[in-house]
Amino acid sequence: MKRVYFFLVIIMFLLHESGSAQNKSKPNVIVIYTDDQGTVDLNSFGAKDLVTPNMDRIVNSGVRFTQFYASPICSASRSSLMTGKNPQRAGCPGNAGSSPNSKSGLAGAEYTMAEMFHDAGYATAHIGKWHLGYQPDMSPNAQGFDYSFGHLVGCIDNYSHFFFWSGPNRHDLWRNGKEVYYNGQFFPDLMVKEASAFIEQKKDEPFFMYFAINLPHYPYQGDEKWLEYYRAQGVPYPRDLYAAFLSTQDDKIGELLDKLESLGLRDNTIVVFQSDNGHSTEERAHFGGGSAGPYRGAKQCLFEGGIRVPAAISWPGNIPSGEVRDQLAVNADWMPTLAELCGIELNTTEMDGKSLLPIIDNANMETLHSDGYGWAFHKMWVVRKGNWKLLGNPEDTSHKAPLTNDDKLFLVNMETDPGEMTNLAKSNPEKVIELKKQYEEWLENNAH
């Protein structure tokens, strides 16, 4: 009996070790989602007046996308990332309500990226901004995250952690559904501290982290050293405030990467980097500071500056390094892409996203969205197919050029006019009819 017991113990030990080895072989995943970062606002995407070495570490060690799209506003973009669906299909086409009583947001019935990783045996963490709803079934812990630390609303003061829109009396900082207080401590520092502790704790098992840093979203509260640096460089207001906050963000991302490297985890960690939408021109953002470079538009509109975002994916030794992809891609693509890279079975039948792995592996692949793609926000809508883009009821939050009543349908050839300055609708009526039909089909297919 003792021999039988001994052999059973040995078998159980070997099975456990085999399972542990399999778990360790799975890559970790960190999705870094920045907030209101302009289309070209890092060096690897063309900025000449910024200091962004750590974000560039990610971009230059992987694949950079030049035509990568998201929704033009925070919650819609995040719902698409989390579900692999258009925000309309995910039921979150605009911003989640800021009131604790609001029922708008990402419904608990939606299957999220976090739930996908959790079901595959990953430890899961949300660190930073949520902005996908207040109801219990919409909370991070109810949407697949084992651990959550951050704020639930769209923006907070980074030192008091109070809601930046709603008076002085609305504190908003939570850990696993319980309100916590760190008055006076810089929120991005708290994010790095929480993320580092989670990585340290889970270093021997696969983990997925959604690092939703709330920078460079207003209020601009960059480190003093960066304010001094950019002012000494002669960077004008409000670009100086934005730039200082963006380089502060870069520092924090660098600390996160350094943590991975110090634990020997970087080579087995997939890092996705993306902004949620274009830069803000709101009053609270000093009416600007960010840049879309040659593109028209900004946050809250469907010109390129509102929806074309910097994006990249890095996994050293496993996917190409230092390469560029010009194919059209969207943030809904990340969920099926990560599933394929991590060997996770995923039902994509109801998803709009497609795995980008064929494009990542082959620069000559055509876009996976050859049938076109669509977006809608408030009364605005847009469809894209090939080089043609049709905007309906367009608004330009960058105020780059006036729009008239003749521009209710605004047709652009992105190859010849990437800045979207010339409306070709009158000279191409057949193309307008074709793309308008595409929008109507898109709208019908994306009704929630």
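The values are calculated or read from the model by the stated rules, or taken from the named source; none is laboratory data. The structure displayed is predicted, hence computed values, not measured ones. Neighbour counts run over all protein chains shown; Cβ positions are idealised from the backbone, glycine included.
Of the residues making up region 182-226, those that are in contact (Cβ under 8 Å) with a residue 24 or more places away in the chain, among the small types (Gly, Ala, Ser) and part of a helix (DSSP H, G or I) are Ala195, Ser196.
When the residues of region 273-293 are filtered to those that are touching a helix residue (DSSP H, G or I) at 6+ places or on another chain (Cβ under 7 Å) and surrounded by fewer than 24 Cβ atoms within 10 Å (Cβ to Cβ), which remaining residue is farthest from Asn60 (Cα to Cα)? Quick ask: steps written out before the conclusion?
Keep residues of region 273-293 that are touching a helix residue (DSSP H, G or I) at 6+ places or on another chain (Cβ under 7 Å), which gives 273-274, 276-278, 286, 289-290, 292.
Okay, now just the ones that are also surrounded by fewer than 24 Cβ atoms within 10 Å (Cβ to Cβ), so 274, 286.
Working: Gln274: 14, His286: 31 Å.
Among them, the one singled out is His286.
Failed condition for Tyr33, given (1) part of a loop (DSSP other than H, G, I, E, B); (2) hydroxyl-bearing (Ser, Thr, Tyr); (3) modelled with pLDDT of 85 or more, with all others met? For Tyr33, the exception is condition (1). Among the conditions (1) among the hydrophobic types (A, V, I, L, M, F, W, C); (2) outside any strand (DSSP E or B); (3) at pLDDT 95 or above; (4) in contact with a helix residue (DSSP H, G or I) (Cβ under 6 Å, 6 or more places away or on another chain), the only one that Ala125 does not satisfy is (2). Of the residues in region 59-77, not one is without any contact (Cβ under 8 Å) to a residue 60 or more places away in the chain and either out of contact with any Pro (no Cβ under 9 Å at 6 or more places or on another chain) or closer than 28 Å to His369 by Cα (or both).
Selection of region 124-181 for residues being among the aliphatic types (A, V, I, L, M) and touching a Pro at 6+ places or on another chain (Cβ under 7 Å) yields only Ala142. State all residues of region 85-101 that are in a loop (DSSP other than H, G, I, E, B), of a type in the set (Gly, Ala, Ser) and touching a Leu at 6+ places or on another chain (Cβ under 8 Å); if no residue qualifies, say none. The answer is Gly91, Ala96. Screening Phe377 with (1) more than 27 Å from Val272 (Cα to Cα); (2) surrounded by 20 or more Cβ atoms within 10 Å (Cβ to Cβ) gives one miss only, at (1).
Let's see how each residue does on (1) touching a strand residue (DSSP E or B) at 6+ places or on another chain (Cβ under 7 Å); (2) closer than 21 Å to Asp36 by Cβ:
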site	(1), (2)
His118	yes, no
Thr124	yes, no
Pro140	yes, yes
Ser148	yes, no
Tyr159	no, yes
Asn169	no, no
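Checking Lys178 against (1) under 24 Å from Phe208 (Cβ atoms); (2) surrounded by 15 or more Cβ atoms within 10 Å (Cβ to Cβ); (3) free of Cβ contacts under 8 Å to residues at least 24 places away in the same chain, which test does it fail? Result: Lys178 passes all but (2). Taking region 40-64, which residues are within 18 Å of the chain's Cα centre (by Cα) and not in a helix (DSSP H, G or I)? The answer is Val40, Asp41, Leu42, Thr52, Gly62, Val63, Arg64.
How many of the residues making up region 422-448 are within 21 Å of Phe377 (Cβ to Cβ), among the hydrophobic types (A, V, I, L, M, F, W, C) and over 27 Å from the mean Cα position of the chain (by Cα)? Of the residues in region 422-448, 3 are within 21 Å of Phe377 (Cβ to Cβ), among the hydrophobic types (A, V, I, L, M, F, W, C) and over 27 Å from the mean Cα position of the chain (by Cα). When you look at Asn268, is it of a type in the set (S, T, N, Q), within 19 Å of Val63 (Cβ to Cβ) and surrounded by fewer than 17 Cβ atoms within 10 Å (Cβ to Cβ), yes or no? No, not satisfied.
For every residue, the table says whether it meets (1) surrounded by 20 or more Cβ atoms within 10 Å (Cβ to Cβ); (2) farther than 24 Å from Ala90 by Cα; (3) assigned by TED's automatic domain parsing to the domain that holds Asp119; (4) among the β-branched types (Val, Ile, Thr).
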residue: Ala142; (1), (2), (3), (4): no, no, yes, no
residue: Tyr147; (1), (2), (3), (4): yes, no, yes, no
residue: Leu152; (1), (2), (3), (4): yes, no, yes, no
residue: Ser160; (1), (2), (3), (4): no, yes, yes, no
residue: Ser166; (1), (2), (3), (4): no, yes, yes, no
residue: Arg170; (1), (2), (3), (4): no, yes, yes, no
residue: Trp174; (1), (2), (3), (4): no, yes, yes, no
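For Trp381, the requirement of being of a type in the set (Phe, Trp, Tyr), outside the structural domain of Tyr295 (by TED's automatic domain parsing) and farther than 24 Å from Gly91 by Cβ is not met.
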